[in-house]
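In what follows, a structure is listed as structure tokens, so that the remarks can point back to it.
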Amino acid sequence: MASKAPAIVAAITAVAVLGAAAFVTVSNLIESYGSGPPYYGLTTNMDKWESPVPFLLAFDAVALVIAAALGWFARSRLKRSIIR
């Protein structure tokens, strides 16, 4: 039973990482492409506006790799505990 604890913690952490990444992505997109023409987020100075998409793609890719590794670890630990 003790060998299941790290797997459960890893699975919960993987879900938390995905949830945090989704929250950061959605909040940044809403802030950047907020209501009003043309994309009034926090500033109306459009010559200094930058797209958040490149940062968000990299951030989401890292979060996905971390969540996949944690999920793989959890799955392998749970398989091992079921076999025993």
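Descriptive notes on the structure:
- Tally of residues being exposed (fewer than 15 other Cβ atoms within 10 Å of the Cβ) and either free of Cβ contacts under 8 Å to residues at least 40 places away in the same chain or not hydrophobic (A, V, I, L, M, F, W, C) (or both) across segment 54-67: 7
- Qualifying residue in segment 42-51 (condition: over 23 Å from the mean Cα position of the chain (by Cα), of a type in the set (Lys, Arg) and modelled with pLDDT of 85 or more): no
- Criterion applied to Phe73, Phe55 was being more than 14 Å from the chain's Cα centre (by Cα), closer than 28 Å to Ile12 by Cα and at pLDDT 75 or above, and the one residue passing it is Phe73.
The values are calculated or read from the model by the stated rules, or taken from the named source; none is laboratory data. This one's a predicted model, so the numbers in the text were calculated from it and none came from an experiment. Here Cβ is always computed from backbone atoms with ideal geometry, including for glycine, and neighbour counts include all displayed protein chains.
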